[in-house]
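The values are calculated or read from the model by the stated rules, or taken from the named source; none is laboratory data. Because the structure is a prediction, the values reported are computed rather than measured. Every residue, glycine as well, gets a Cβ built from its backbone with ideal geometry; the counts of neighbours run over all protein chains shown. Remember, those area values only see protein heavy atoms, side chains included, never the ligands or the DNA or RNA. Shrake-Rupley method; radii C 1.70, N 1.55, O 1.52, S 1.80 Å.
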Amino acid sequence: LEVGCGTGDVVGLLDCGIPCIGCDINKDFVQWCAQRYEKSSHSFYVADALELNQWWMKMGFHEKYNKPLVTCVNNTLNIMPESMRGTVVDEMLMLAGPEGLCLVTYWNGNFFSHAVLNYYQKNEPLCGKFEIHEHVDWENRTLLTPSNYSTEWHTPPEVQQLLRAYDVDVPRMVDSGEPLYGQPHVNWEGLAVFVWFDQSSTSRAKGYYDSEDAQKFYNKIWGEDNLHVGRYDLLSAEEQSKPTHEQVAIAQEKHELELIKLIRSKMGEDPVRIVDLGSGYGGLLRRIWRDGLVWHGTAVDISARMCQQARLLNTKAGCDREIDVKEESFLDISVPSESVDLVISMDSLLHVGPDRQRRTMKEVARVLRPGGWVIFSDIMQEDTLADPSKMQPIYDRINLTKMGTVSNYKSALEELGFTDMSVELHSGNIPKHYGSILEVLTEKGKEYEISDTYMAKASKGLAMWKENSPGNIAWGFIAAQKTKKVEI
């Protein structure tokens, strides 16, 4: 399947003895392709890339093909509006399924000057007239002409970083030798950079958190400012008598206040430069800003919709100049090296699993100045499990084969030159929190127009967390200081 097939010059020319399908939002392109490539193995359809799976199932293709190659080639993804690119990648991954493979290709930025001089400048029907000195940005390898034609070219490492912003992590890069058939990797040849990936390449967090039901669930049920576990063990008798949804909000606030107390114990009272990994709607950074501890904040989250809402809330609060919001993966942060005093996170790192958590700590070490601190809370599995059989439903729920542990974080941080490490666990709050969220969802889900399908799945997941967590799940703060110089 080629997504955004345009005039069909890729999928239409394939002659490989298997069904080849092209889809595009433009019906004129689809009609052109159908007339030009009249082959029994080829078919072309009008389809919206943002609703790819819905269309695929409506056509019945999901019953015919269980191992598709889903492609979007020749810089097509970059031609789409930036706000929809991540969703298109999510749709491609869902359509590919557990056995399929995805391929996106970009124009190789190392050949940008060649393209400007030998293609774009000579292709006036496509680009219109333009002046090189005025309309070409050589440093960023972009072209924007007076006719509003634009193109952007990326080097292979930039493509790798770009895909991480869409929650697709493909660390293996191959520049020569035999191709890695069926395996996620990045390779390049001639003018093109090829990114091959499958469902093992993503945490699926972006697609999940950007869905309509998930937005309602987290915004209304968990609370717009707080998307993390709460400290129910700190609730007073009076607070415990309040309605459950109020208890949730108070417990979450208390957890944030405990983090701020920990920050002050390590950093003092002066404002600092902070990065928040998995910032959601940005409530944590806004709270720290209100407490006068933010010199400059950078909120990093992979959800486009949460980032958009965070910017609106920051503007409303008056902190939009002090806090930037970046729609990025915390595996690859666009923050200069050694430019940050403090990195924080609340219950976000669990989504990427233990191996990528170690890589995240490497990125933390890169951006922190010498003497800087990382302070975060996360949901982990115990190093010694009370009942291993109860972990598989949890793994399935968060699309992982295993979870991180305190020992995994400690060894990663030690290897990266961190010392003065402290761990403060309050794991008993996990079953209480998920049980409370389940109660609120049951009570208010219909009121907030959350779909029955989502409510049923979420309720099952919340009940599973509540029942399976005791003795298996660890939760609390980890803090460490960067004190030794280590080559990263």
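Tabulated data
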quantity	calculated
Solvent-accessible area per residue for the chain (1.4 angstrom probe, square angstrom)	46
Cβ-derived FRET efficiency at R0 25 Å, E51 paired with K216, nearest 0.05	0.85
Cross-link reach list, aspartates and glutamates versus K261, counting only Cα pairs under 16 Å and skipping chain neighbours closer than eight places	E253, E269, D270, D291, E424
Length released on extending from L103 to H133, taking residue separation times 0.36 nm less the Cα-Cα span	7.4 nm
Convex hull volume per residue for the chain, taking Cα atoms only, in Å³	178
Net charge dipole size for the chain [Lys, Arg +1 and Asp, Glu -1 on Cβ; Debye, nearest 20]	460
Karplus 3J(HN,Hα) series, Hz, for the stretch 119-132 with 6.51 cos²θ - 1.76 cosθ + 1.60 (x for Gly, Pro)	10, 5, 5, 9, 10, 4, x, 7, 9, x, 7, 8, 9, 4
Cα lying deepest toward the dipole's positive end in the stretch 381-421, options G404, M421, S389, charges on Cβ	S389
Value of relative contact order over the stretch 17-158, rounded to a whole percent, pairs C-alpha under 8 Å and six or more apart	18
Gain in span if fully extended, L425 to S113, counting 0.36 nm per residue against the direct Cα distance	106.8 nm
Per-residue SASA entry for D378, accessible area with 1.4 Å probe, Å² rounded to 10	0
Protein accessible area in the chain, 1.4 Å probe - carbon and sulfur %	50
Filtered trypsin sites (Lys or Arg not before Pro), the stretch 303-349: DSSP coil and at most 11 other beta carbons within 10 Å	R321
Value of [θ]222 nm, deg cm²/dmol, for the chain, DSSP H segments ≥ 4, -39500 (n - 2.57) each, nearest 500	-11000 deg cm²/dmol
Distance between the stretch 271-285 and the stretch 413-431 - C-alpha centres, whole angstrom	19
At R0 = 30 Å, FRET efficiency that the Cβ-Cβ distance of S83 and K444 yields, to 0.05	0.50
DSSP bridge pairs, the chain: antiparallel proportion in percent, nearest 5	45
Partners for K64 among lysines (Cα-Cα distance below 30 Å; same-chain residues under 8 apart left out)	K27, K39, K206, K457
Cα centroid of the stretch 186-222 to Cα centroid of the stretch 78-102, whole Å	7
Difference of contour (0.36 nm per residue) and Cα-Cα distance, E124 to K39	27.3 nm
Of the GluC sites (Glu not before Pro) in the stretch 397-486, those whose Cβ has at most 13 other Cβ within 10 Å and which sit in DSSP loop	E447, E449
Area accessible to solvent at L312, 1.4 Å probe radius, in Å²	110
Value of D in µm² per second that Stokes-Einstein yields for the stretch 177-269, Kirkwood Rh from Cα pairs, at 4 °C (1.567 mPa s)	74
Residue among F330, G278, M306 farthest towards the positive dipole end of the stretch 242-338, charges placed on Cβ	M306
In nm, spacing of pseudo-spin labels at E63 and S265 (7 Å Cα→C-beta vector)	6.1
